[in-house]
Amino acid sequence: MEKLRRVLSGQDDEEQGLTSQVLDASTLSWNTRLKWFVICFICGILCSLIGTALLWLPGGVKLFAVFYTLGNISALASTCFLMGPVKQLKKMFESTRLFATVIMLICLVLTLCAALWWHKKGLALLFCILQFLAMTWYSLSYIPYARDAVKKCFSSLIS
C-alpha cells in the first residue's frame, strides 16, 4: 500500500516508464516525434520501393543502389525521433549491436561508392544484399532472443 501511495504522489523514482524516458530524451512533444518518425519511416520505405522499381529499367542499378541506400538511412534515422539521436547512437554502438552496426554502415558507404564512383553494378547489388542482411541482423538485436532463434533455425537447417 505504501508503494502505491508513493507512486500516486510522484515520489517513486525507482522505475520510469518507457513513455517518460522517451519524453525526457527530447524537447519535441511526443506527438511531434511520433509524426516525424512515421514520416521518416514511410519515406524510407518509399525510397526503397522506388529503388526496386528502378532496378528493372535499363541502367537502373545505379538509381536502385542510391534510392535503396537512402531508404535505409531514412528508416534508420526515423528512430532518432523516438529516442533522440544521442541515445540512438549509444544503442547502435552497444556491444550487442556493434558488429551489425559497423557492417551496416560500411555497406551503406560501399553501395554508394560502387554505384556512383566505381560504376560496378554487380558490386553495388552485392553491397545492397549485404546491406539488407546487416540491417536485418541489426533490427533483430532489438527483439529479445530473436537472434538466438534465427541462429537455432539456421543451425537446424544445416544439420
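Determine if segment 58-73 includes at least one residue that is free of Cβ contacts under 8 Å to residues at least 12 places away in the same chain, in contact with a Leu (Cβ under 8 Å, 6 or more places away or on another chain) and not basic (Lys, Arg). Yes, because at least one residue in segment 58-73 is free of Cβ contacts under 8 Å to residues at least 12 places away in the same chain, in contact with a Leu (Cβ under 8 Å, 6 or more places away or on another chain) and not basic (Lys, Arg).
Can you name the helices (runs of 4 or more DSSP H) wholly within segment 20-100 that have at least 1 residues being of a type outside the set (Phe, Trp, Tyr), closer than 19 Å to residue 133 by Cα and in contact with a Lys or Arg (Cβ under 6 Å, 6 or more places away or on another chain)?
Working: elements: 30-55, 60-83, 85-92.
Ranges flagged: 60-83.
So for segment 101-124 (the condition being under 12 Å from the mean Cα position of the chain (by Cα) and without any contact (Cβ under 8 Å) to a residue 12 or more places away in the chain), does at least one residue qualify? Yes: one or more hits. Somewhere in segment 82-94, is a residue β-branched (Val, Ile, Thr) and open to solvent by 40 Å² or more (accessible area, probe 1.4 Å)? Yes, segment 82-94 contains at least one residue that is β-branched (Val, Ile, Thr) and open to solvent by 40 Å² or more (accessible area, probe 1.4 Å).
The values are calculated or read from the model by the stated rules, or taken from the named source; none is laboratory data. This is a predicted model, so every value here is computed, not measured. Note that we place each Cβ from the backbone using ideal geometry, even for glycine, and neighbour counts take in every protein chain shown. Just the protein is used for accessible areas: all its heavy atoms, side chains included, with ligands, DNA and RNA removed. Shrake-Rupley method; radii C 1.70, N 1.55, O 1.52, S 1.80 Å.
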